[in-house]
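Note sheet for the following structure.
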Amino acid sequence: MMEAGAFIRAAQKEELRPYPRFLLSADEWQALSAALVETPHPALLALWAESDRVHALFQDENGDLLPVASPVVNGAYAALSPARPAAIWFERVIRDLWGHFAEGGRDYQPWLDHGTWAMAAPLSLRPKARVGEELPREFAAPEEEDVHQFALGPISGGIAKPLHLRITMHGDSPLAAEFYLGYAHKGIMALMRGKLPRVAARFAARLSGDATVAHALAYAHAVEAALGVQVPPRAIALRAVMAELERIAHHLFQIGVIAKTAKFGILHAGCGTPLEELRAGTALAFGHRLMMDCVVPGGLAADIAADGQATLLGTLDALQAKIQDLAALSFSEPAFLARLQGIGRLSEKLVRELAPGGPIGRAYGSHSDTRRRPGYPPYDSLEVPLPDVSSADAAGYLKILFAELRTSMDLARRLLEHLPDGEISTPLTASSGEGLGVAEAPRGDIWHWVRLDGGMIAASFAADPGWRHWPLLEAALVGGTLEDMPLCLACFHCSVSAVDL
Amino acid sequence: MLSLKLLQNLWKRPEARAFPPAQAEILAALQARLQEASQRRLGRSLAVRHVDTGGCGGCELELQALDSVIYDLSRFGLSFVESPRHADVLLVTGPVTHNMKAGMERAYAAMGQPKWVVAVGDCAIDGGVFQGSYACGNGVTTIPVDLVIRGCPPTPHQILEGLLTLLEANATGG
Ligand code: SF4
């Protein structure tokens, strides 16, 4: 049997812009799933479906993208989960939304479908009506002595996300951690269907509030690729300014959460001030604190405010000194750093299999940064350095967050200082086609796929890095002690809404 | 160790935001509601319990911002609490997905009397952009809502304004 990557490349190609797709027969797909067991490459980034086919997005060790599709025969396709643990949640979602069955899969329980919708398989051609009956999730009950379980959520303390977490303990050591999500399923893909791309952008922008710019951008890239639309240089530059500001906001927030969880109150409080200054700056410059609905297919919804450029440069100046102080504070507190050491350690095998992205992935030694590769404008003409990696744990992650803060500040400043003049948007054409778009969000690579028919969205899918990070978090929770769990949760800080769709 | 200057810089109180005035009209309506229910006054403090019913997380970010030192909620007598049993206010964000409806109703039922419900953000108010989806209803409809705070998301300042109006009604009405 050929190596999996070569096997995919040998298949027939079909049009998907800008990365052509490989079309496999159902038998070839099954052969691929067997070949994948032998090797961790290529990594699985996303798996989704349409009414008559399944799609997968792979990435090989050189960073090359391999989109693959295969027909669904008699409502079934060969599961990839035996070879790729990241496929487990996707396969359950495909069953819940499109009704296709993953033969040989590792878990058949419902995921998004909790039995509360008026129909089953809402994205299938003919969804079946159903009267709400709850489909309770079955958790493996402990059988041994000394083994006990406790559960959190879906509503848990403070300002928290809707999720259920079940932890199995053997005495003092965690045996298993299992998330159950789906509480935030809003039916985003059904809402996007049949709409003009600019109207549907509102849903892409609401997949995850703290990555609203990045999701809107990946989606816009997909639509623009499908329609062959060129975005004006001014819009490209301003989009990147927004994306970098979003990253700064996220990383500041993230450092604050880690500090709060580690009971380092001064650092937590110290992150709040620059974050609010930044939000005030983005509100003045772009009319929205989170910059929601600012990025749309074709360009931007509106230009930056007349004094926005000067405002943001001023904000960045003010932030510079504060962020330096925060870094000095973090790294001069041995007790804080000691608390973070060793948290989140994982086996290399699992990290390879789940291919985490963003600063989490980079802390585990990955070189993945989609601004660098595959790359997209304007980053092709800017240098995005990879942060130095010190240790694959929470302490190393904190260092990466600070390094990325400096990079993003620098990128935003350079972009703002050399803003091109001109239009901020190109009209979209009412044509048909398929596109795959990417953006580097604060937490990692976001992929959006769209199929347009006569200028309308016919189908779409959004893959947030959370799909790969949540299962990694489950493993990280089990790897530590009970006291480490809150810090693990704080570091991964995955989005619920973005994977609940 | 930390330099003193560093500490001073970081610990310098950010100018705590001005106290937004209670909105007269909304205040009157809330007081009337309180009287109607002849509810016991809770005094000049409110414990707030947050429930995310499946929103995008944007409203949560603004709630987190509100809960930071900048706004210093404690000086207003406002605090976020963990258990519904200790809460006076159920603050709901998100469009109330069908998967979260029962959870929200249970949290409401677990609260003692008197209690307020505040819907924060457009999607909690009427479903917002998610209206018409197979997976959610049109915001908070199955428990009585006392106050709505519009926006997608509303700013921390707007949320504070709403909560202070509620606090005012609570302290003066009834
Ligand atoms: S109101 Fe807007 S920001 Fe708030 S949760 Fe709903 S969609 Fe997100």
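Checked against the criterion of being more than 9 Å from chain A (Cβ to nearest Cβ), surrounded by 21 or more Cβ atoms within 10 Å (Cβ to Cβ) and under 15 Å from the mean Cα position of the chain (by Cα), region B:52-60 contains not a single residue that satisfies it.
Condition first: in contact with a strand residue (DSSP E or B) (Cβ under 8 Å, 6 or more places away or on another chain) and surrounded by fewer than 22 Cβ atoms within 10 Å (Cβ to Cβ). Now tell me which residues in region A:277-319 satisfy that. First the steps, then the outcome.
Pass one, region A:277-319, residues in contact with a strand residue (DSSP E or B) (Cβ under 8 Å, 6 or more places away or on another chain): A:294, A:296, A:298-301.
Correct list: A:ALA301 only.
Here is the figure for region A:320-349: residues that are more than 10 Å from chain B (Cβ to nearest Cβ) and among the charged types (D, E, K, R) total 4. Within region A:92-120, being within 11 Å of another protein chain (Cβ to nearest Cβ), surrounded by 17 or more Cβ atoms within 10 Å (Cβ to Cβ) and of a type in the set (A, V, I, L, M) holds for A:LEU97, A:LEU112, A:ALA120.
In region A:170-192, the residue that is nearest to the ligand (Cβ to nearest atom) out of those that are assigned to a loop (DSSP other than H, G, I, E, B) and away from chain B (no Cβ under 11 Å) is A:ASP172.
Table: residues versus (1) within 30 Å of A:ILE266 (Cα to Cα); (2) in contact with a helix residue (DSSP H, G or I) (Cβ under 9 Å, 6 or more places away or on another chain); (3) β-branched (Val, Ile, Thr).
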residue	(1), (2), (3)
A:MET291	yes, yes, no
A:ILE323	yes, yes, yes
A:PRO359	yes, yes, no
A:VAL384	no, yes, yes
A:VAL389	yes, yes, yes
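Of all residues in region B:133-147, those satisfying the criterion of being within 10 Å of chain A (Cβ to nearest Cβ) and either buried (at least 20 other Cβ atoms within 10 Å of the Cβ) or within 10 Å of the ligand (Cβ to nearest atom) (or both) are B:SER133, B:ALA135, B:CYS136.
When A:LEU411 is tested against (1) open to solvent by 10 Å² or more (accessible area, probe 1.4 Å); (2) at negative phi; (3) not basic (Lys, Arg), just one condition goes unmet, and that condition is (1).
Each residue in region A:193-202 was checked for being assigned to a helix (DSSP H, G or I) and more than 7 Å from every other protein chain (Cβ to nearest Cβ), and 5 pass.
Mind telling me which of the residues A:ASP410, A:ASP421 ends up being at pLDDT 95 or above, charged (D, E, K, R) and not in a helix (DSSP H, G or I)? Before the answer, list the steps.
On the way: A:ASP410 fails: not in a helix (DSSP H, G or I).
Every option except A:ASP421 fails the conditions.
Report whether or not A:ALA306 is in a helix (DSSP H, G or I) and more than 14 Å from every other protein chain (Cβ to nearest Cβ).
Working: in a helix (DSSP H, G or I): no; more than 14 Å from every other protein chain (Cβ to nearest Cβ): yes.
Judged against the criteria, A:ALA306 is not a match.
Filter region B:76-108 down to residues that are free of Cβ contacts under 8 Å to residues at least 40 places away in the same chain and polar (S, T, N, Q), then give me how many there are. Show your work before the answer.
Quick first cut of region B:76-108, residues free of Cβ contacts under 8 Å to residues at least 40 places away in the same chain only: B:79-86, B:98, B:102, B:105-106, B:108.
Those still in the list that are polar (S, T, N, Q) too: B:79, B:83.
Final tally of qualifying residues: 2.
Cβ separations smaller than 8 Å between residues 6+ apart or across chains give the following pairs from region A:180-192 residues that are surrounded by fewer than 24 Cβ atoms within 10 Å (Cβ to Cβ) to residues that are assigned to a loop (DSSP other than H, G, I, E, B) and of a type in the set (D, E, K, R): A:TYR180/A:ARG137.
Of the residues that sit in region A:7-23 and are open to solvent by 40 Å² or more (accessible area, probe 1.4 Å) and not in a loop (DSSP other than H, G, I, E, B), which one is nearest to A:VAL438 (Cα to Cα)?
Of the residues in region A:7-23, the ones open to solvent by 40 Å² or more (accessible area, probe 1.4 Å) are A:9-10, A:12-15, A:17-20, A:23.
The next check asks that each one be not in a loop (DSSP other than H, G, I, E, B); those that pass are A:9, A:12-14, A:17, A:23.
Numbers: A:ARG9: 21, A:GLN12: 24, A:LYS13: 21, A:GLU14: 19, A:ARG17: 12, A:LEU23: 21 Å.
Ranking the candidates gives A:ARG17 first.
Here A:GLY342 meets the list (1) in contact (Cβ under 8 Å) with a residue 24 or more places away in the chain; (2) of a type outside the set (D, E, K, R); (3) within 24 Å of A:PRO40 (Cα to Cα) almost entirely, failing just condition (3).
Among the candidates A:ASP464, A:ASP445, A:ASP453, A:ASP484, the residue that is under 30 Å from A:GLY182 (Cα atoms), of a type in the set (Asp, Glu) and within 16 Å of the ligand (Cβ to nearest atom) is uniquely A:ASP464.
The criterion of at least 1 residues that are in contact with a Gly (Cβ under 6 Å, 6 or more places away or on another chain) is met, among helices (runs of 4 or more DSSP H) falling completely within region A:317-407, by A:358-363.
For region B:110-132, the count of residues that are open to solvent by 10 Å² or more (accessible area, probe 1.4 Å), at pLDDT 95 or above, under 16 Å from the mean Cα position of the chain (by Cα) and away from every other protein chain (no Cβ under 11 Å) is at least one.
Residues that are open to solvent by less than 40 Å² (accessible area, probe 1.4 Å), over 18 Å from A:TYR183 (Cα atoms) and more than 9 Å from chain A (Cβ to nearest Cβ): does region B:89-106 have at least one? Yes: one or more hits. Of the residues that sit in region A:54-80 and are surrounded by 18 or more Cβ atoms within 10 Å (Cβ to Cβ), modelled with pLDDT of 95 or more and not hydrophobic (A, V, I, L, M, F, W, C), which one is nearest to A:GLU103 (Cα to Cα)? Filtering first and then ranking leaves A:TYR77. In the set (1) out of contact with any Phe, Trp or Tyr (no Cβ under 9 Å at 6 or more places or on another chain); (2) within 16 Å of the ligand (Cβ to nearest atom); (3) open to solvent by less than 10 Å² (accessible area, probe 1.4 Å), B:ARG150 fails one condition alone, (3). Residues that are at pLDDT 85 or above, open to solvent by 50 Å² or more (accessible area, probe 1.4 Å) and more than 12 Å from chain B (Cβ to nearest Cβ): does region A:143-166 have at least one? Within region A:143-166 (the criterion being at pLDDT 85 or above, open to solvent by 50 Å² or more (accessible area, probe 1.4 Å) and more than 12 Å from chain B (Cβ to nearest Cβ)), the answer is yes, since at least one residue qualifies. Filtering region B:61-82 to residues that are open to solvent by 10 Å² or more (accessible area, probe 1.4 Å), within 9 Å of the ligand (Cβ to nearest atom) and more than 7 Å from chain A (Cβ to nearest Cβ) leaves nothing.
On the given criteria, is A:GLY63 assigned by TED's automatic domain parsing to the domain that holds A:ALA34, of a type in the set (Gly, Ala, Ser) and without any contact (Cβ under 8 Å) to a residue 40 or more places away in the chain? Working first, answer last.
Details: assigned by TED's automatic domain parsing to the domain that holds A:ALA34: yes; of a type in the set (Gly, Ala, Ser): yes; without any contact (Cβ under 8 Å) to a residue 40 or more places away in the chain: no.
So A:GLY63 fails the test.
The values are calculated or read from the model by the stated rules, or taken from the named source; none is laboratory data. Note that this is a predicted model, so its numbers are computed, not measured. Positions of Cβ are generated from backbone atoms using ideal geometry, with glycine treated the same way; all protein chains shown enter the neighbour counts. For accessibility, only protein heavy atoms count, side chains too; no ligands or nucleic acids. Shrake-Rupley method; radii C 1.70, N 1.55, O 1.52, S 1.80 Å.
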